Each structure stands twice: as C-alpha cells, then as structure tokens.
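Here's the structure we're looking at; comments come further down.
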Amino acid sequence: MGEDSIALVAEAAKKSGLLWLELPGLPQPRAAWHLWHDGSAYVLTGGDGEQPLPGLPEAATVRVVLRSKDKGGRLVAFTARCARVEPGTELWDEVAPLLAKDRLNAASHDGQLDRWAAESYVVRLTPEGDVTGPGEHADDYAAVRPVPTPAATAGPPPRLAGAKGRRADR
C-alpha cells in the first residue's frame, strides 16, 4: 500500500462518522462507529449495549467502506487486517480512553473501561492491500440491495370509516 493510499484512507476515516464492515457470514455490510488513531481504525464490539459486529473479533481481514458524513457517498474502500487489542497492554491503555471519550451515548461512563475489558473487544483495523476510491468498482458496494423484509405496502392505504375528507379532496 503506497503513501498516497494511506493518506487517502486516513483522510476519509477522519471525515467519516461510520465505517461499513463486510463481516463473515452476513449478507449485508454492517455500520460501526470507530476511532481513527495512528494509522488504524479502532472498533468496539460485544458486551451489553455495545455495537454487535458478529465475527469481527475472530476475523483475520475484513473489507471496509468509508462513506461521506454529509452526502453518504462512498469515499474509499479497502481491506483491513484485524487484530484484537488486549486489555492491560500499552496499546489498550492508549486507545481505550480515547474510545470512551468518543462514546457519547453510553448508558454510564462509570467503570466503562473495566466493563469493556471484561465483556467487549476492541479491534484494530489496519489498512492493507487494495484501496479503491470513489467511482472505482462502484458495483461491489453501491449495488447492495436492501435486506429482505416481510414489511410491505401493497395496495391502497386503508380508508377510515366515518372520517370527513378535506374540502379540497371532494
């Protein structure tokens, strides 16, 4: 991966509020909040009330897509090497407080780092390999179909018995 690609990924990660992860065994990419720090994205998963990202702690690599905060368009996509950040390590002591600071909607900040150490995983996503920018290989991500659902709007909306219509509708 060249320096230009690394700079592109870093800039996109700083401008993106979420990243989208193609996780093993899931049909659709999953959104995840992240912290960009020192050339890698850090993601928290698992534990009570934290974002569910099944398969991420065990994955060796994942495909990551970063989208624009304002327009939602794809900024960049890349393959990332996954590595768990273990509690009690120097990297944990550096990154976990930064994640906690960014975790604005936590139920409680009291004992949060201890809870994460016991129940959750912090996963470091380091870009490697191919990087695609906007417009390149758009069919691989932009063409994702909505998740199938039994919810549908078939037919006309229901009528209300005894309801008065608006004068403009008569």
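Taken together, the values in this text are just the output of simple stated rules run on the coordinates, not laboratory data. This one's a predicted model, so the numbers in the text were calculated from it and none came from an experiment. All Cβ positions, even for glycine, are placed from backbone atoms using ideal geometry, and neighbour counts span all protein chains on display.
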Item to check | Amide H contacts of residue 75 (H built 1.01 Å from N, under 5 Å, at least 5 apart or other chain) | outcome: 66, 67, 68
Checklist outcome for this item: With label points set 7 Å from each Cα along the Cα-to-Cβ direction at residue 154 and residue 119, the distance between them in nm comes to 4.1
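Taking the beta-carbon count within 10 Å as an exposure proxy, list 102, 48 from fewest neighbours to most. Mind showing how you got there, number by number?
On the way: 102 13, 48 8.
The most exposed by this proxy come first: 48, 102.
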Checklist entry - ³J(HN,Hα) across segment 86-95 via Karplus (A = 6.51, B = -1.76, C = 1.60, θ = phi - 60°), whole Hz, x for Gly/Pro? => result 7, x, x, 7, 4, 5, 4, 4, 7, 8
